[in-house]
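In what follows, a structure is listed as structure tokens, so that the remarks can point back to it.
The values are calculated or read from the model by the stated rules, or taken from the named source; none is laboratory data. Nothing here was measured: the structure is a model prediction, and the numbers come from that model. Every residue, glycine as well, gets a Cβ built from its backbone with ideal geometry; the counts of neighbours run over all protein chains shown.
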Amino acid sequence: MEENNLNRERESENIDIKVLVEKFITRWRWFAVSVPLCLVIALLICQSRVPIYNVTGKVMISDSKKGELGTNVMMKELGLAAADIFVENEIVELQSKNLMREVVEELDLNVRYVREGFLRDWELYNDSPVKVLVDNPGEIRDTSFHVLLDTANLVILMNLDGEKMWSGHYSESVPMGDYNLSIEPNRKVTSKEKIRVDLSSFRKTTDVFSKNLNVQILVKNTNSVLVSLKDAVPTRGIAVINALVKRYNQNGIDNKRIVSEATVEFINERLDVINQELGTIERRAEDFKKTNKLTDITSDAAFVMERKKQSEAELMKLQTELDVLRSIRAAITQKRAEEFSLLPENLGLSDEGLNAGITRYNEMVLRRGKLLQSASESNPIVIGLNTQLQGLKKNIQETITNVESGLLIKLRSVEKENESVNEMLTSVPTQEKQYRDIARQQELKENLFLFLMQKREEVEIAKLIYVATAKIIEDPSAGDAPVEPRKALIMLVGLIIGVGIPVGIIFLLDILNDKVRSIDEVKQALPFPVLGDIPELPQEEVTLLRENFSLSESMQVIREKLNYMLGEKACPVLVVTSGVPGEGKTLVAAHLAKAYAKAGKKTLLVGCDLRNPQLHSYLHKNYSRGLSAYLAGMEPEWRRLVHSLEDNLSVLFGGDVPPNPVALLSSDRFKTLLEEVKGEYDCIILDTPPVGILADALTMVSQADACVCVVRLNVLPRGVLSSLRVLESEHHVTNCGVLVNGVSRRIHYYKYGYGNYYNKQNR
């Protein structure tokens with residue numbers, strides 16, 4: 001039992017799928033129109049969109065920032081700290097709008113030359129016939145105009161509405177409000193040409209190119225980056241990337257020169273002070289010699305004086321470094337109001353960590369200053385740099401303190417040694433000792449002066465030998481094909497939409513359709529058994545005069561089911577009705593009568609639908625007198641109204657439409673007619689009006705032995721289907737069955753096997 005139910009469920013699912021497929025197949029013209037139309041639209045979209053290329057290049061950034069305080073260097077050497085931190089800082093600079101604006105101004109990217117086409121515009125870059133020069137490009141506002149050229153060097157400017165703005169020749173000034181422009185030839189014009197010129201502000205153009213620029217780390221823990229730019233003109237994209245790297249390098253060199261110039265300025269200030277001090281000491285020495293008439297140091301003190309000289313040289317070196325260190329501290333203290341200012345570097349300090357810290361500090365000060373050109377103090381990146389600078393500044397100050405302490409210790413040691421030497425010189429004349437003190441001070445200042453002169457020269461030389469930090473290791477390239485538009489995806493979407501539109505319409509129509517659409521709906525709504533189904537037939541095949549195999553076979557099956565329901569009934573009276581007109585009840589009644597006649601039953605078909613008699617139309621005959629005439633008493637003998645069609649099959653037509661069909665059908669004369677007919681025939685089939693909207697059929701249901709209710713798919717509303725339950729609930733009809741009409745031929749032949757084959761054989 002369960003296996004049979006499962007088989008029926010699977011059969012129902014297969015039929016539903018076939019019904020769904022049939023809906024699509026029967027409406028194939030919708031798909032034939034929708035799919036090509038959507039594909040054509042998708043193709044037009046592909047052709048109308050400007051191709052966008054992804055220009056990419058690989059850049060290696062050298063880390064010239066050597067000195068770092070703390071353990072960062074050691075951590076990086078051990079591989080515990082990645083080089084990505086440095087690279088990420090440089091990526092921020094490469095992607096900055098300030099840098100991109102410099103490129104925009106250098107390449108005149110705010111001026112676009114466009115050749116208009118039918119579906120899309122073509123942007124010209126180096127191939128433009130003219131070049132627009134602007135005397136004050138900073139004042140440019142968004143403006144577009146057409147330039148008309150001919151072989152006579154005549155230039156005409158028109159606005160986008162086609163109105164003439166200016167006419168003249170090349171190199172003539174054209175006033176445009178806040179600025180003037182001139183049209184210059186870029187190549188020879190061989191025929192009349194028309195191009196559109198789009199002028200944009202530097203800010204807007206910078207925003208566009210910055211949005212399309214992307215810089216990312218190529219390989220982790222390396223200094224290599226991938227620079228990519230989306231642009232409609234590949235050559236322009238390549239030029240932008242090359243100019244971007246070039247400008248980045250130039251800015252780096254300029255930053256280093258700024259630091260060098262600050263260092264030179266500091267050295268010059270110290271040289272001025274030392275030069276004044278040295279002049280004062282030299283005058284003191286000269287005056288002392290003249291006053292005391294001194295010549296050279298005595299030979300007895302030569303050895304001691306040599307030791308003193310060495311001691312004083314060491315003392316001078318320490319005092320010099322200590323003086324430089326204190327000068328740097330003073331520079332930090334004096335510029336405290338500016339918070340973050342450049343510090344002098346490369347002054348020959350012996351502590352490499354301090355030198356590295358100053359270098360790192362200056363680089364971050366420059367980066368902060370560049371960010372503040374486009375960002376505020378509240379920017380998270382600026383705040384982060386401020387925190388780092390404060391930490392570095394504190395580390396530098398602490399390092400200065402530590403180095404100063406070390407120098408002071410060394411200085412005390414040298415001073416003690418110098419004191420011992422001085423004790424050995426007690427025999428030297430006091431005047432000579434006084435002179436040597438003056439000479440020692442003089443030599444100290446001279447050495448400090450020479451030291452600073454040397455450092456200034458080194459810094460000046462370094463300004464000339466700065467190298468670029470970024471190097472292109474793979475030239476920018478646009479690839480073989482554009483990345484936008486994605487034609488394959490657009491065509492696929494077009495195909496999906498082309499299929500989806502008719503599918504959606506079909507499903508929408510199904511949703512809006514309130515008609516009964518399947519046999520399953522009939523089974524669920526009605527308590528009556530389904531006797532069978534008949535296929536959808538063309539108009540020429542519904543007549544009784546033409547044999548239809550599938551219809552004939554269906555009627556024979558229904559006949560046998562009715563016989564099973566009726567048992568051994570001698571002369572059964574069968575009522576054939578429907579819910580609404582147009583469901584084919586008359587067709588069913590006629591062919592069911594024919595099926596009984598073929599079985600050897602003497603059958604009478606009675607047209608009881610007196611409101612809309614249609615029985616004669618299936619026989620292509622017109623009979624005006626029939627059942628209505630007999631019931632109205634206009635014809636005393638019913639046998640005179642009966643017509644024989646073929647063996648065992650007779651018909652009593654409904655006749656003319658009476659004014660009171662319900663009264664006639666419920667009269668005793670109709671009951672008497674049924675009793676008389678039962679005595680002469682083996683089966684009586686009554687073609688009644690629709691039971692769903694008229695009461696005529698209900699008057700005959702009680703007199704019938706069985707009722708066949710015809711339900712036609714896609715014709716009977718669902719609400720009327722439910723109302724057919726009154727045949728059981730109110731009229732207590734027991735022998736009632738449903739015949740489903742209008743079933744798809746595919747489904748019907750699927751159930752009945754060889755109907756199509758036999759139909760072909762019978763033709």
Selection within segment 511-536 - touching a residue at least 40 places away in the same chain (Cβ under 8 Å) and out of contact with any strand residue (DSSP E or B) (no Cβ under 8 Å at 6 or more places or on another chain): ASN513, ARG517, SER518, ASP520, GLU521, ALA525, PRO527
VAL483 being modelled with pLDDT of 85 or more and of a type in the set (Val, Ile, Thr): yes
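Every residue, every condition in (1) surrounded by fewer than 16 Cβ atoms within 10 Å (Cβ to Cβ); (2) out of contact with any Gly (no Cβ under 7 Å at 6 or more places or on another chain), yes or no:
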site	(1), (2)
GLY626	no, no
SER650	no, yes
GLY655	no, no
PRO661	no, yes
LYS671	yes, yes
LEU674	no, yes
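This table checks each residue for (1) under 18 Å from SER96 (Cα atoms); (2) in a strand (DSSP E or B); (3) in contact with a Cys (Cβ under 7 Å, 6 or more places away or on another chain); (4) not polar (S, T, N, Q).
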site	(1), (2), (3), (4)
THR190	no, no, no, no
LYS194	no, yes, no, yes
ARG203	yes, no, no, yes
GLN216	yes, yes, no, no
VAL225	yes, yes, no, yes
ALA243	yes, no, no, yes
ILE253	yes, no, no, yes
ARG257	no, no, no, yes
GLU261	no, no, no, yes
Residues of segment 325-349 satisfying the condition of being modelled with pLDDT of 75 or more, surrounded by fewer than 20 Cβ atoms within 10 Å (Cβ to Cβ) and more than 56 Å from the chain's Cα centre (by Cα): ARG326, SER327, ARG329, ALA330, LEU349
Index of the failed condition, ILE505 passing every other in (1) on the phi < 0 side of the Ramachandran plot; (2) surrounded by fewer than 20 Cβ atoms within 10 Å (Cβ to Cβ); (3) assigned by TED's automatic domain parsing to the domain that holds ASN735: (3)
Any hit, segment 379-392, residues being over 39 Å from the mean Cα position of the chain (by Cα), free of Cβ contacts under 8 Å to residues at least 24 places away in the same chain and not in a loop (DSSP other than H, G, I, E, B): yes
Within segment 592-603, tally of residues that are in contact with a Phe, Trp or Tyr (Cβ under 9 Å, 6 or more places away or on another chain) and either surrounded by fewer than 24 Cβ atoms within 10 Å (Cβ to Cβ) or of a type in the set (Lys, Arg) (or both): 2
Residues of segment 553-607 classified as within 27 Å of LYS515 (Cβ to Cβ), outside any helix (DSSP H, G or I) and charged (D, E, K, R), total: 1
Residue match in segment 77-88 (condition: surrounded by 14 or more Cβ atoms within 10 Å (Cβ to Cβ), β-branched (Val, Ile, Thr), assigned to a helix (DSSP H, G or I) and modelled with pLDDT under 90): yes
Counted residues, segment 145-156 - those being touching a residue at least 24 places away in the same chain (Cβ under 8 Å) and either surrounded by fewer than 13 Cβ atoms within 10 Å (Cβ to Cβ) or not aromatic (Phe, Trp, Tyr) (or both): 8
